[in-house]
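Below is one structure, written out as structure tokens; comments come after it.
None of the figures in this text is laboratory data; all of them are computed from the coordinates on show. These figures come from a predicted structure and were not determined experimentally. Cβ sites come from the backbone with ideal geometry, for glycine too, and all protein chains shown count toward neighbours.
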Amino acid sequence: MIESEVQKIKDILIEAEISDRRIKALEPIIENVAWMKIKLDDAREKIATSSVVIPYDNGGGQSGIRENPLYKGYESLWKSYITGMDRILGALPKEAIETVAEDIKTNEPRTVLELVRGKHKKEA
């Protein structure tokens, strides 16, 4: 699965005529971005069925409601993913960036808040 994501990114770079040497230099970023993409997809599925807040009991007499850690984890991973993609896209010539930007536009949320809003719109 990760290999498929890695290949998608490499195909974009190859299509933009980026040298093999430069692609090789970007490989650690490409592999991490591909891994993050898979993890983000998994997290989105879990978040879609989770509440924004969850109960907790620390066993020491404290209990209550707290923010679901899935949301913070997703937000943090998303920011890292965007940073990695910015690095990869930074290797492309300007014309290729414009083409890729159009190709990769999706309806995926940019933040957890957008994910939650989207979830509530779908339920309504």
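Ranked by how many other Cβ atoms sit within 10 Å of their own Cβ, fewest first, the residues Val6, Val52, Val33 fall in the order Val52, Val6, Val33. Past 26 Å, Cα to Cα, is the threshold; run Lys37/Lys72; Lys39/Lys94; Lys10/Lys79; Lys24/Lys72; Lys10/Lys94 against it and keep the listed order. Violating the 26 Å limit, Cα to Cα: Lys39/Lys94; Lys24/Lys72.
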